[in-house]
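Here is the structure we will look at, set down as structure tokens.
The values are calculated or read from the model by the stated rules, or taken from the named source; none is laboratory data. Not measured: the values here are computed from a predicted model. Methodologically, a virtual Cβ is constructed for each residue, glycine included, from the backbone with ideal geometry; neighbour enumeration extends over all protein chains shown. Ligands, DNA and RNA are excluded from the accessible area calculation, which covers all protein heavy atoms including side chains. Shrake-Rupley method; radii C 1.70, N 1.55, O 1.52, S 1.80 Å.
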Amino acid sequence: MLFLLFIALILNLDYPLTYISGISVQRATLLYSELGLKTCNDLINFFPFRYIDKTSFYTIKDLQANTSEVQVVGKITQVNTVAQKRGSRLVAKFQDTSGTMELVWFKGQKWIKDALIIGVPYVVYGKLNHYNGSYSIPHPEMELVSEYKKKLQTKMQPIYHSTEKLTNSGVSNKLIRSYIQKLLQQFYEGITESLSDEIINNFKLMKKRDALLNVHFPKSQENLAKAQNRLKFEELFFLQLQLVRKKLINKTKIKGFVFKDVGSIFNEFYSDKLPFNLTNAQKRVLKEIRKDVASGAHMNRLLQGDVGSGKTIVALLTTLLALDNGFQATIMAPTEILANQHYTAISELVDGLNINVDILTGSVKTKKRKEIHENLENGFLHILIGTHALLEDKVKFKNLGIAIIDEQHRFGVKQRAKLWAKNKLPPHILVMTATPIPRTLAMSVYGDLDISVIDELPPGRKEIKTVHRFDSNRLSVFKFMKDEIAKGRQVYVVYPLIQESEAMDYKDLMDGYESISREFTAPNYQISIVHGQMKPVDKDYEMQRFVNGETQIMVATTVIEVGVNVPNASVMVIESSERFGLSQLHQLRGRVGRGADQSYCILLSSFKLSEEGKTRLKTMVDTTDGFKIAEVDLKLRGPGNLMGTQQSGILNLKIADVAKDSKILVAARNTAIEILQDDPNLEKHYNLPIKNTFAKISRNSKIWSNIS
């Protein structure tokens, strides 16, 4: 034990994998390229994704034909090579006190035959085959009982993620286990604690070294559960510590423009121009924003609101606060359609208030661009709405006070940070999303932002009725569409668009368009068609025809997912709805239900539905609550897929799962908040383990961006 302690003291977990005996430079390079394992610390934190429970030993006479994997102790009594039609197989007779069975090998026969020892007890494990009343195990895992008893080896065997390249190179699961075993034997005594005694005692957590030992080599299910709980808490705690600390820094160290006045522009609009009464949720959110921008600290707030909840009017009122205090404002949207919609709506709302509003997108001509650039720099332009074009270096503001980013998940961190750099002092940031984010995910991805939620719809809005119909019901769906059109309503028919097969999707769309054209013939019916392969001018023309009520049916791909606002459209028909994700289905459904009439969403699908497909469609039928839908989506797809590649990098968690471990996440965040409120710089002696670990994590962290 003294020797092991000596090794632990002179070695360091930050050393490369080659410090582990048996790992050559070549093998270390392979482990890094395939699994991202570079240091001893990486390997010790490379956790199993499942376990084979070897707590049971069978006797041969008790084996059952339906048993999948078994573990037996016995001796080899005889080894033979048996010829067969193609090649041969190696067969060993294996017996215990109750009976006899066979062990069989088809590959590596020579070295296996040389390695087998007759008459010595083995522990044998493998998948059981049953044929003609006798049992056999092909290519079993084998270990001498004498060796088995010496090892850390647990009865619950850890299984690690691997790749074909590793397997083909001889790096088996068993070999990875042996490396981790050597590592734990070398470093166990030297593994330092990363949490304070208070946290460990409060949550009855396992010690760090014991958790690492038991997550790799658990002695029991109970020990495994305790080890996983400890490591999940630690992982989520340090994630939250980073986010909460960053939020505190934003609040205390980054100064923001002070919008101290609620002036004449805001008050005149609120009193005379506001087209409807704000909901209580909108008023609450507006108060939260007003408090932020008047505080002298920099606002970095996320505004969540379901489709149709009234985020745009909150965004406009926020820009008016900036204007009242002598600042400019900008609103950035991911598509020209959405940018144009904001521009049209806001221009109409502020008409007569002496506010200059303009729009900058990729299709704005050079002459107009120059005019916009000049008007921005001289302060004539008050509100600029646009797309990615706003990020160009030529776009310079006189005094940008607030930047509002709509559908923010469609912009990368670097793109958003460019808006931050438009001023010497950073403008206040309000990011908006109509994609409801589950609470646990919001805590993890946007944990450094203040979060506001508009959780009620404007009065008078009727809940959209959603039904699921199979393709065989298409004629009855057509009849329903005709009935609605006869009432003066309009209809969307949407087809899926999956980038990998645009040609196929285009064909689906055109086939559908022809089918609808045959059923809804001119001159009684007019049909618009919109898809991604059209020129922008043609797309806008078709969109405008539908907006103006010149066409009753809009056949489209998901280009209409955001940015189309037609209150008269009351029916959304989604073709091949099983091919859409829940978030997309929810967004598409939000295109209707914008007027006072009852609206409907019809989900058409084939009969062949996966279990996940059935769950998605049932969820859509059962609820219109975007947050409930988002929770189901999180459970189905996981956080990485839900957020997309631009947003999910920080959730590359090793053992925790924000969907399944929500209780641990909440406890970890609350603990991080309490500690930082009491000791912002982690200087108190009892927080030293946290400070040391936090410093190491911070050096390697990728989440330190100015805008979440």
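Quick one: net charge of Asn229's neighbours, Cβ under 15 Å, K/R +1, D/E -1?
Neighbour charge sum, excluding Asn229 itself: +3.
With a 10 Å radius around each residue's Cβ, average the other Cβ atoms per peptide and rank 224-236, 120-132, 363-375, 613-625, highest first.
224-236, 613-625, 120-132, 363-375
According to the Cα gyration tensor, what semi-axes, each the square root of 5 times an eigenvalue, does the equivalent ellipsoid of region 129-173 have, listed from largest to smallest in whole Å?
Values for region 129-173, descending: 24, 20, 10 Å.
Quick check on region 267-329: take the gyration tensor over C-alpha atoms, sort the square-rooted eigenvalues as a ≥ b ≥ c, and tell me if it's rounded (a/c under 1.5), prolate or oblate.
On the way: a/c = 1.87, a/b = 1.18, b/c = 1.59.
The shape class here is oblate.
Among bridges DSSP assigns within the chain, what percent are antiparallel (round to 5)?
40
Let me have the relative contact order for the chain, percent, based on Cα pairs under 8 Å that are six or more residues apart.
Values: 1161 pairs, mean separation 88.9, N = 708.
The value is 13 percent.
If you place +1 on the Cβ of every Lys and Arg and -1 on the Cβ of every Asp and Glu, how big does the dipole about the Cα centre of region 96-241 come out, in debye to the nearest 20? Intermediate values should be presented prior to the final figure.
Working: 20 positive and 15 negative charges, 40 e Å.
Taking the Cα centre of region 96-241 as origin, the dipole is about 200 debye.
When the dipole is taken about the Cα centre of the chain, and only Lys, Arg (+1) and Asp, Glu (-1) are charged at their Cβ, what size is it in debye, to the nearest 20?
Approximately 1800 debye in magnitude.
If we sort 451-463, 680-692 on the protection proxy, mean other Cβ atoms within 10 Å, highest first, what's the order?
Listed from highest to lowest mean packing, they are 451-463, 680-692.
Any idea which of Gln95, Asn168, His428 is furthest toward the positive side of the dipole for the chain, if Lys and Arg beta-carbons carry +1 and Asp and Glu beta-carbons -1?
The residue sitting farthest along the positive end of the dipole is Gln95.
Count charges around Val82 for me, please; just the other residues with Cβ under 11 Å from its Cβ, Lys/Arg as +1, Asp/Glu as -1.
0
For Pro16, what charge total do you get from the other residues with a beta carbon under 11 Å from its beta carbon, if Lys and Arg give +1 and Asp and Glu give -1?
-1
Debye sum, Cα scatterers, the chain, no solvent: what log₁₀ I/I(0) at q = 0.06 1/Å?
Summing over Cα pairs of the chain leads to -0.51.
If the cut-off is a Cα-Cα distance under 16 Å, which lysines reach Lys253, setting aside same-chain residues fewer than 8 apart in sequence?
Lys424
Determine the share of the chain's accessible area contributed by carbon and sulfur atoms, expressed in whole percent, with a 1.4 angstrom probe.
Working: 17390 of 34160 Å².
Carbon and sulfur together cover 51 percent of it.
Just tell me which lysines come within less than 19 Å, Cα to Cα, of Lys287; anything on the same chain fewer than 8 places away is out.
Reachable lysines: Lys251, Lys260, Lys311.
For region 229-309, taking Cα atoms only, what is the radius of gyration to one decimal and the Dmax to the nearest whole Å?
Cα only, region 229-309: 17.9, 58 Å (Rg, Dmax).
For the chain, with every protein chain kept in place, what is the accessible area per residue (1.4 Å probe, Å²)?
Accessible area per residue: 48 Å².
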